[in-house]
1. Could you please give the count of residues in region 277-301 that are surrounded by fewer than 24 Cβ atoms within 10 Å (Cβ to Cβ) and aromatic (Phe, Trp, Tyr)?
2. Among the residues of region 193-215, what is the count of those that are outside any helix (DSSP H, G or I) and either crowded, with 19+ Cβ neighbours inside 10 Å or out of contact with any helix residue (DSSP H, G or I) (no Cβ under 9 Å at 6 or more places or on another chain) (or both)?
3. Going by the conditions given, is Val275 aliphatic (A, V, I, L, M), assigned by TED's automatic domain parsing to the domain that holds Asp224 and closer than 17 Å to Leu203 by Cα?
4. Can you tell me which residues in region 87-126 are under 22 Å from the mean Cα position of the chain (by Cα) and on the phi > 0 side of the Ramachandran plot?
5. Could you tell me which residue of region 309-331 is surrounded by the most Cβ atoms within 10 Å (Cβ to Cβ), considering only residues that are assigned to a loop (DSSP other than H, G, I, E, B) and at pLDDT 70 or above?
6. If you scan region 241-274, which residues turn out to be touching a Leu at 6+ places or on another chain (Cβ under 7 Å) and among the β-branched types (Val, Ile, Thr)?
7. State yes or no: is Val261 in a helix (DSSP H, G or I) and surrounded by 18 or more Cβ atoms within 10 Å (Cβ to Cβ)?
8. Has region 114-126 got at least one residue that is out of contact with any Leu (no Cβ under 7 Å at 6 or more places or on another chain), touching a residue at least 60 places away in the same chain (Cβ under 8 Å) and not small (Gly, Ala, Ser)?
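The values are calculated or read from the model by the stated rules, or taken from the named source; none is laboratory data. Nothing here was measured: the structure is a model prediction, and the numbers come from that model. Note that each Cβ is placed from the backbone with ideal geometry, even for glycine, and that neighbours are counted across all protein chains shown.
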Amino acid sequence: MTRSRGRSRGVTIIDVAKHAGVSPMTVSRVINGDPGVRDEVRARVGEIISALNYTPNLTARSLVTSREIRIGVIYSNPSAAFMSDLLAGVFEEASARAAQLILLKGENGKPPSREAIQGLIDSRVAGMILAPPLGESEVVGQILRAAKLPVAVVGGAARGAICVGIDNRRAAYDMTRHLIALGHRRLGFILGNPDQSASAERLAGFRAAVDEEGDLDVQIVQGDYSYASGLVAGEALLAGAHPPTAIFASNDDMAAAVVSVAHRRHLDVPADLTVTGFDDSTAATTLWPPLTTIRQPVRALAAAALQLLIQDIRAGPVADDDARATILDHQLIERESTATPRSNPLPHPVRTMP
């Protein structure tokens, strides 16, 4: 179990974006004099740049003008917090590696149209980064394989692609063991998007920890990683005669929704209900109480994906059709949403849902 710690570093474009309340891409547009930025936004970003003494990476910017690599990023994720971290990580790495990013967004977890993806390919991108869940979309995969483009997938697995992620099974196992060690015997688990391999891996880790312990009351409900699905799942788990004393949601957005449901039901978190999440996104630290969660280093994953993709582009075509996996470490971050249960009676008979 690891608690978060600060580290010393220089001011980055991400810091400027956070203080100005805009995206890193907007800060870049201001720095580069893009006329498409509103005057009030340009002025606010300029003030923050001055206040933080931010100096753009001029070396990287000069490299971009001399030998630019164009990378497409396709994304469509219902978690705004996750996508903010992912885009920030890939943008920061692109700034340091002479890469220009071209973004293409789908809606509601669905891929963009074939025409839109083909248009991005035709814009002469040298490679593509896919954010979850699109890394495992067969439609997107077919189009990109036909184009013979190098592809990097964040948080998923795809044939012939660079795949960067964490050990989701082990991470979920670690969190479930943590809840059991606190004394919880009635556990709720909220599944993620059923179309993503990470969801199945997290469920497998949860089940492995539960099976080791035995004699637990377990309830499993479906979600899709969105806040809205977390509200529905939270209501389903807390409406029964013997609700869980601890709920582990497969991401922070759904965990935040469960906290909201608990408050609406006049339950104290964590005295009446322990809630944990997954990702350690901004959602984990902006609600009350802050979430105990699994830290998935989303920014580092995105940066590693871009770094490996550029290496592939410069090295030339790779004949290997298998996924090439890079696994980064996860951490269990303990905050204020977890506690020992008030009481520990088990309803009888023990109920385990599939």
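1. Result for region 277-301: 1.
2. Initial filter on region 193-215 (outside any helix (DSSP H, G or I)): 193-196, 214-215.
If we keep only those that are either crowded, with 19+ Cβ neighbours inside 10 Å or out of contact with any helix residue (DSSP H, G or I) (no Cβ under 9 Å at 6 or more places or on another chain) (or both) too, we end up with 193, 196, 214-215.
Looking only at that region, the number is 4.
3. Working: aliphatic (A, V, I, L, M): yes; assigned by TED's automatic domain parsing to the domain that holds Asp224: yes; closer than 17 Å to Leu203 by Cα: yes.
Yes, satisfied.
4. Asn108, Gly109
5. Step one: list which residues in region 309-331 are assigned to a loop (DSSP other than H, G, I, E, B), which gives 316-323, 328-330.
Right, trim to at pLDDT 70 or above and you get 328-330.
Working: Leu328: 14, Asp329: 13, His330: 23.
Within region 309-331, the match that is surrounded by the most Cβ atoms within 10 Å (Cβ to Cβ) is His330.
6. Result: Thr245, Ile247, Val259, Val261, Thr274.
7. Working: in a helix (DSSP H, G or I): yes; surrounded by 18 or more Cβ atoms within 10 Å (Cβ to Cβ): yes.
So Val261 fits the description; yes.
8. no
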